[in-house]
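K.L.:
First the structure, which I've put down as structure tokens, then a few questions once you've had a look.
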Amino acid sequence: MNRFGLRIAVPRGTMLGETLDRLDRIGVPTAEVRDNDRRLLFDEAGIVTMRPSDVATYVEAGAADVGITGKDVLMEQAGRDVVELADLGYGPCRMVLASVAGDPDPAEEALRRLGHLRVATKYVRIATDYFERTGRQVELVKVNGSVELAPLTGLVDAIVDLTATGTTLRENGLVEREEIARSTARLIANPASHRLRAAGVDALREALLAD
Amino acid sequence: MTLPIPSGTRDVLPDEMRERDGVLDALRRTYRDHGYGEVSTPAVEYASVLERAGVDPDGAARPRFHTVDERGQTLVLRSDMTVPIARLVGSRFADAPTPIRLSYTANCYRGVTPGRGDAREVLQSGIELCGAPAPAGTVEALTVLVAALRAVGLDGGRVAVGDAAFFPGLLEGLDVAPDARDRVLHELATRDHVGLRRELDAALAPDVAARLAEVAGRRGGPEIVAETGDAQIDRAAAGLRELVAGLAPDVVDHVILDLGLTRRLGYYTGAVFEVFAPGIGHPIGGGGRYDDLLGRLGRDLPAVGFALDVDAVHTALVGTARGSWRQVGWDAPPGQPAPIPGEDA
């Protein structure tokens, strides 16, 4: 177990490297995690690794005391009973509405001429909330990966997706039309651990914020 | 042939039933010993009656199952017992001397979010104490709650106690506009401390915002509501301070005060409880003060109560059969100091 006495859920994927670097600097040993691509549970370090979108699930259930994941995950899974403790600042990305490059914007055209918009996304909830808030009728198409393909093949008029640098959008001939939200890594805690392991949770939060 | 039952419901077979009855016997004995009389109310009620309670239409306590009776009236399956008992007190105990002490064990019905393992049918067991204002009424409810945890064998259980009036009072004292106040309270209710800091920074001077964000993160023993010399915070914390002062030592050691804990159900007006058990990551019960609810249902009395999720209590008792990874127990057993984080064990 690490010096905070907490089980920490760590996201695999793009945030993994920075997360492990930070944990190392505050005294949670991560060498074992770095050396081992396939193992998921590291008892000595008190670390468990998983897809970013599963972090909130494990933390809500108390299978991990605390976790690190993107704000986008928390927004998409709003209603999960976890405590959002700190904005860790790294892993910045943005949720955007994008469509095929060109003027006029094919999404605008669809809205003007057909009265509604077909939109592909992995983030159904964020997209639904956004279009409701901005008063536009849309038909959402849930896809599980390579969202950029959807408008290129005529499946939809636009996409709602996460972008860090915009490279993937650009390489597929898409342009950002609207920014929906900004996301960074967040520290979250299980509500029971937040009360009952308060000293450890606060110490971890302070250490990560001071890093 | 295996015929399905709706998701979020389940059958209970004899082994489980026997254990569950043991839990219920212990709970009922506790309520009885403290002078509470058990009541039963219909599972279906008129929607128009329950709506008088003003339950948040988006909240978890909102009734989910509706039907229409022979005369075209909308009926709902109750989603908790607090509102039906408030109706009962207004209608059947209209002249009864106070305080009125009632207990119940009943199935309640909720909507579920797919893929979350939520229950549609929840067996709740608890008490309602009507006509006993704070702090004495709240002290009694917490005392019965801790006694109930002990009686079922969950002495390791803990009750997080906050005050739904704490932050609203603090913000009012600082002249925060109503819409900004609602945004702050929303962030608190959704336990988003990042959003809370953002809304506080938008509404208040930087040093005040920082102080309030720090206060919202405070949780621990009676020391967190001790007088600090900050008049506004001391005034807002007076309710919790009086409450703690009234609790017996063997109740206080089961209580964790949380200044950031606020109401998640629309009707709470004062103290709010969330009950936790070792090895269970979510609350196994909850409750609080609802001083305005009974007035809306016919008899204006201050009231307080709690409900335990009987199956969650049972799961906590069965313990940690689910994976050795899950750590059982709290930081430190009562009476022992918590380990100091930062020092290598």
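The values are calculated or read from the model by the stated rules, or taken from the named source; none is laboratory data. Keep in mind it's a predicted model, so treat the numbers as computed, not measured. Here the Cβ is made from the backbone with ideal geometry for all residues, glycine too, and neighbour counts use every protein chain on show. Note: accessible area is taken over every heavy atom of the protein model, side chains too, but ligands, DNA and RNA are not part of it. Shrake-Rupley method; radii C 1.70, N 1.55, O 1.52, S 1.80 Å.
K.L.:
Please work out if B:D331 is within 14 Å of another protein chain (Cβ to nearest Cβ), surrounded by 13 or more Cβ atoms within 10 Å (Cβ to Cβ), modelled with pLDDT under 50 and within 26 Å of A:R3 (Cα to Cα).
P.N.:
yes
K.L.:
Next up: Quick one: which helices (runs of 4 or more DSSP H) lie wholly within region B:144-225 and hold at least 3 residues that are free of Cβ contacts under 8 Å to residues at least 40 places away in the same chain, more than 17 Å from the chain's Cα centre (by Cα) and closer than 28 Å to A:E206 by Cα?
P.N.:
Passing ranges, in order: B:178-189, B:193-203, B:206-216.
K.L.:
Does A:V82 satisfy being more than 30 Å from B:G279 (Cα to Cα) and buried (at least 20 other Cβ atoms within 10 Å of the Cβ)?
P.N.:
no
K.L.:
Going through region A:165-189 one residue at a time, which ones are open to solvent by 80 Å² or more (accessible area, probe 1.4 Å) and closer than 15 Å to A:G89 by Cα?
P.N.:
A:R182
K.L.:
I've got another one for you. What number goes with the only condition from (1) open to solvent by 30 Å² or more (accessible area, probe 1.4 Å); (2) within 11 Å of chain B (Cβ to nearest Cβ) that A:D24 does not pass?
P.N.:
Going through (1) open to solvent by 30 Å² or more (accessible area, probe 1.4 Å); (2) within 11 Å of chain B (Cβ to nearest Cβ) one by one, A:D24 breaks only (2).
K.L.:
Which numbered condition in (1) modelled with pLDDT of 95 or more; (2) in contact with a Lys or Arg (Cβ under 6 Å, 6 or more places away or on another chain); (3) outside any strand (DSSP E or B) is the only one that B:H314 fails?
P.N.:
Of the numbered conditions (1) modelled with pLDDT of 95 or more; (2) in contact with a Lys or Arg (Cβ under 6 Å, 6 or more places away or on another chain); (3) outside any strand (DSSP E or B), the odd one out for B:H314 is (1).
K.L.:
Name the residues in region A:122-164 that are exposed (fewer than 14 other Cβ atoms within 10 Å of the Cβ) and of a type in the set (K, R), would you?
P.N.:
Once the filter is applied, which keeps residues that are exposed (fewer than 14 other Cβ atoms within 10 Å of the Cβ) and of a type in the set (K, R), region A:122-164 yields A:R133, A:K142.
K.L.:
Can you pull out every residue in region A:3-21 that is within 14 Å of A:D65 (Cβ to Cβ) and open to solvent by 10 Å² or more (accessible area, probe 1.4 Å)?
P.N.:
Selection gives A:R3, A:F4, A:G5, A:R7.
For every residue, the table says whether it meets (1) within 14 Å of another protein chain (Cβ to nearest Cβ); (2) farther than 24 Å from A:E18 by Cα.
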| site | (1), (2) |
| --- | --- |
| A:L149 | no, yes |
| A:L162 | no, no |
| A:E179 | no, yes |
| A:S183 | yes, no |
